[in-house]
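> Sending over a structure as structure tokens; questions will come in a sec.
Bear in mind that the values in this text are calculations on the coordinates, not laboratory data. Remember, it's a predicted structure, so these values are computed and weren't measured experimentally. FYI the Cβ positions are ideal-geometry reconstructions off the backbone, even for glycines, and counts take in every protein chain you see.
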Amino acid sequence: MTEGTQSKRFEPKVPVQLDPPKDDLISTEELAKCDGSDPSRPTLVAIKGVVFDVSRNAAYGSAGQYKVFAGKDASRALARSSLKPEDCVPEWYDLEDKDKTTLDEWFTFFSKRYNIVGKVEGAKNT
Ligand code: HEM
């Protein structure tokens with residue numbers, strides 16, 4: 001991709017050094033345990049089946065404003081700007097285009113800030 005305004009969108013204010021993405025398979029059960037409540041586990045959020053380690057941001061921790069996303073594939077909620085627990089589900093493929101665009105923007109936002117630590121087992125992500 002050429003260097004344009006688009007590629008600079010959603011850049012973190014403070015540069016983040018990211019590790020190479022991993023493609024380990026993570027079960028939904030394991031993902032659910034990584035919801036910020038267990039200090040021995042990382043805090044994880046998945047988007048379109050791709051799992052991000054958000055541990056360094058207290059907003060996803062057990063007292064954080066975005067804790068509802070932790071331990072889940074929250075694609076649908078992110079796409080629709082919802083904080084409802086019932087929207088924190090992976091199903092995004094039936095959404096309207098504008099919501100799919102919002103979701104892709106969140107994917108870009110997360111991928112510029114958080115390490116990719118794996119993929120949700122069985123996720124539909126195309
Ligand atoms: C009253 C409404 C809201 C306010 C005042 C608010 C405020 C904020 C602020 C100040 C940030 C930090 C921005 C930054 O780091 O540059 C943020 C980030 C964020 N907001 Fe909201 N927000 C609101 C509603 C929502 C809703 C409805 C969603 C649901 C999708 C949402 C999802 C997020 C997410 C995922 C982040 C990124 C956190 C991160 O990883 O850095 N917000 N919000």
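> Of everything in the range 87-125, what is free of Cβ contacts under 8 Å to residues at least 60 places away in the same chain, out of contact with any Lys or Arg (no Cβ under 9 Å at 6 or more places or on another chain) and away from the ligand (no atom under 13 Å from the Cβ)? Give them in sequence order.
Passing the criteria: ASP94, GLU96, ASP97, LYS98, LYS100, THR101.
> Being assigned to a helix (DSSP H, G or I) and either basic (Lys, Arg) or over 11 Å from the mean Cα position of the chain (by Cα) (or both) narrows it down to one residue among ARG113, ARG76; which is it?
ARG76
> Select, from GLY118, GLY61, the only residue that is at positive phi and not acidic (Asp, Glu).
GLY118
The rows are residues; the columns are (1) charged (D, E, K, R); (2) surrounded by 12 or more Cβ atoms within 10 Å (Cβ to Cβ); (3) touching a Lys or Arg at 6+ places or on another chain (Cβ under 8 Å).
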position	(1), (2), (3)
CYS34	no, yes, yes
ASP38	yes, yes, no
GLY49	no, yes, yes
GLY64	no, yes, no
LYS67	yes, yes, no
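> Of the residues that make up the range 1-21, is at least one in contact with a Leu (Cβ under 6 Å, 6 or more places away or on another chain) and either part of a loop (DSSP other than H, G, I, E, B) or among the aromatic types (Phe, Trp, Tyr) (or both)?
No, there is no match, as no residue in the range 1-21 is in contact with a Leu (Cβ under 6 Å, 6 or more places away or on another chain) and either part of a loop (DSSP other than H, G, I, E, B) or among the aromatic types (Phe, Trp, Tyr) (or both).
> Which numbered condition in (1) more than 9 Å from the ligand (Cβ to nearest atom); (2) surrounded by 12 or more Cβ atoms within 10 Å (Cβ to Cβ); (3) outside any loop (DSSP other than H, G, I, E, B) is the only one that GLU29 fails?
Exception for GLU29: condition (2).
> So for the range 47-55 (the condition being in contact (Cβ under 8 Å) with a residue 60 or more places away in the chain, farther than 14 Å from TYR114 by Cα and out of contact with any His (no Cβ under 7 Å at 6 or more places or on another chain)), does at least one residue qualify?
Yes, the conditions are met somewhere in the range 47-55.
> Kindly provide the set of residues from the range 56-75 that are within 9 Å of the ligand (Cβ to nearest atom) and among the polar types (S, T, N, Q), ordered by number.
ASN57, GLN65
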